[in-house]
Amino acid sequence: MKTIYFLYTLPFIAFVSCKEEKRTAISTPAQETLQIKKTDSLTTTRIDSTQIPKPLEYKGNFKEGFRWKDKTGEYIVVTSETGIYRNESSSREIGDSSDAEVFASCYSLGTHQQIWKVNDFVKDCPVDIVAEFTKNSLAVTDLDKNGTAEIWMTYKTVCHGDVSPSNMKIIMYEGTNKFAMRGESRLQYGIDDNNKPLFEGGKYTFDKAFKEGPDVFREYAEKMWNKHMNE
């Protein structure tokens, strides 16, 4: 299969900045340079917040985005994070505590209908709190060559007051079918008598969908896990 890259400029569509769960228009240059990747079954475009159609909504601050076309239509996915915040409207068991959330939303570009949504969070945490996507972990593939894209993302969540691994997940959607890989990030805590590093965490489990799915899905997920698991 031959992969072809194209660089070209598209007219500016809409620039929306998301901060504190609000979208605010900001003036930007009239054009954006996009990178297009084409394979036999997919056309994908990595986007930033300026290429999100105005009717589409997302919560938090923009993290990554992709637009793609497969045999079922044209779609867009956006990942976003709230960062650490205090939800004053909710009752709390601990007074001095915070929340943090991650979101991923997939929409049809033809109808602007939401296809699926991911939302994970840490609530009411009085110590160190993390809820964030790992850098450059959003990906669009067609590993099983069936013409329907697979959308991949990796994120970590934790509430802890010590140095310990985070909860880590890889979520993948093929159409509306969800696949999940769950475990812990890996943290080096020392070296042994032979100067070899000692690690805590790093283990994972596949859900039923992954276990029963194509081998190529699990192989790709394991590569993603090894790439992003280290703290």
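The values are calculated or read from the model by the stated rules, or taken from the named source; none is laboratory data. Note that this is a predicted model, so its numbers are computed, not measured. FYI the Cβ positions are ideal-geometry reconstructions off the backbone, even for glycines, and counts take in every protein chain you see. Side chains included, ligands, DNA and RNA excluded: accessible areas come from the protein's heavy atoms. Shrake-Rupley method; radii C 1.70, N 1.55, O 1.52, S 1.80 Å.
The table below gives the values:
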quantity	calculated
Theoretical FRET efficiency, 1/(1+(r/R0)^6), r = Cβ-Cβ of residue 74 and residue 178, R0 22 Å, to 0.05	0.55
Whole-percent carbon and sulfur share, accessible surface of region 181-231, 1.4 Å	45
Förster radius 45 Å - calculated FRET efficiency between residue 144 and residue 189, Cβ distance, rounded to 0.05	0.70
Dipole axis of region 45-129 (+1 Lys, Arg; -1 Asp, Glu on Cβ), positive-most option in 105, 126, 89	105
Two-site FRET efficiency, residue 111 against residue 88, from Cβ-Cβ distance with R₀ of 25 Å, rounded to 0.05	0.10
Rounded to the nearest 20 debye, dipole of region 158-229 from Cβ charges on Lys, Arg, Asp, Glu	220
For region 143-213: rounded, prolate or oblate by the Cα gyration tensor [a/c cutoff 1.5]	prolate
Relative contact order computed over region 107-231 (Cα-Cα under 8 Å; 6+ residues apart), in percent	18
Area of residue 162 that stays accessible when all protein chains are in place (1.4 Å probe, Å², to 10)	90
For residue 159, solvent-accessible area (1.4 Å; no DNA, RNA or ligand), Å²	60
